[in-house]
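Just so it is clear, none of the values below were taken in a lab; they were calculated from the coordinates. In this text, all values refer to a predicted model and were calculated from it rather than measured experimentally. Quick reminder, even Gly has a Cβ in these numbers, built from the backbone with ideal geometry, and neighbours come from all protein chains shown.
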Amino acid sequence: MTAPPAAAIDIRRLTYADLPQVVAIERRAFTSPWSLAMFVLELSKPTGICLAAEIPASAGEPELGGYMICSRYDTVWHVMNVAVDPTQRRRGIATAMIQSLLARVERDAQLTLEVRQSNTGAIRLYESFGFRSAGVRRRYYQDNGEDALVMWRTPATLRGSLDDVPGT
Ligand SMILES: CC(C)(COP(=O)(O)OP(=O)(O)OC[C@H]1O[C@@H](n2cnc3c(N)ncnc32)[C@H](O)[C@@H]1OP(=O)(O)O)[C@@H](O)C(=O)NCCC(=O)NCCS
């Protein structure tokens, strides 16, 4: 069932103070969750874009609904981690974070990510922003040996081609 949209989603920079909530969501979202140390390392990188999605909580205080970690390697942005609290999904939180990320990178930015081949919901989400599958990394996920789809969003993928995608 699709949940009603969150009343107000506020996207801001993720901070170290968010990490206890991040780790709690991470453990519920993934079979092989990142450790606290991995988040600390990503937050320490000055060129990365790490975002928090805040939503109003029932008690009035905003609470963390999701987060996104994006690192810059040379000229390419790599979306490393995206997760939304399981109780808050299908309310546009991941959409709002991706929109905010795209507003923060260059207009002609190249972005890439890996996603499990079975994760059709995430794949549909990324495709809605112009990400296209450009290859497969065999047995990329160590927990079950699943393949990863390698997706890119570049000026070419937005025109329907893979012309400028590295390695294709
Ligand atoms: C994938 C994930 C981040 C999506 O977050 P979300 O806030 O629920 O996504 P949104 O509400 O912005 O979804 C936007 C669109 O993406 C697609 N989508 C998202 N989740 C979907 C699902 N489970 N099944 C089918 N389509 C889905 C739909 O087209 C959706 O639009 P709709 O709700 O109007 O149909 C969330 O399900 C999650 O945290 N999953 C576990 C962690 C994970 O897989 N992260 C991605 C790793 S690459």
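The table below lists the values:
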{"item": "Counted charge near D147, where neighbours are those whose Cβ lies closer than 10 Å (Asp, Glu -1; Lys, Arg +1)", "result": "+2"}
{"item": "Sum of -39500 (n - 2.57) over DSSP H runs of 4+, divided by residues of the chain (222 nm, nearest 500)", "result": "-7500 deg cm²/dmol"}
{"item": "Descending Cα extents along the principal axes, the stretch 3-69, whole Å", "result": "33, 27, 19"}
{"item": "Inter-probe distance in nm under a simple model that places probes 7 Å from Cα toward Cβ, at A8 and E127", "result": "3.5 nm"}
{"item": "Over the chain, relative contact order from alpha-carbon pairs under 8 Å, at least 6 apart, %", "result": "18 percent"}
{"item": "Where the Cα pairs of the chain fall when distances are cut into 10 Å bins, in %", "result": "9, 38, 38, 13, 1, 0"}
{"item": "Inter-probe distance in nm under a simple model that places probes 7 Å from Cα toward Cβ, at Q99 and D164", "result": "2.4 nm"}
{"item": "Translational D in µm²/s for the stretch 108-168 (Stokes-Einstein at 20 °C, 1.002 mPa s, Kirkwood Rh from C-alpha pairs)", "result": "182 µm²/s"}
{"item": "Total charge dipole magnitude, the chain, about the Cα centre, Cβ charges on Lys, Arg, Asp, Glu only, Debye to nearest 20", "result": "260 debye"}
{"item": "Approximate spin-label separation S44-Y73, in nm, with each point projected 7 Å along Cα-to-Cβ", "result": "1.9 nm"}
{"item": "Value of relative contact order over the stretch 92-157, rounded to a whole percent, pairs C-alpha under 8 Å and six or more apart", "result": "37 percent"}
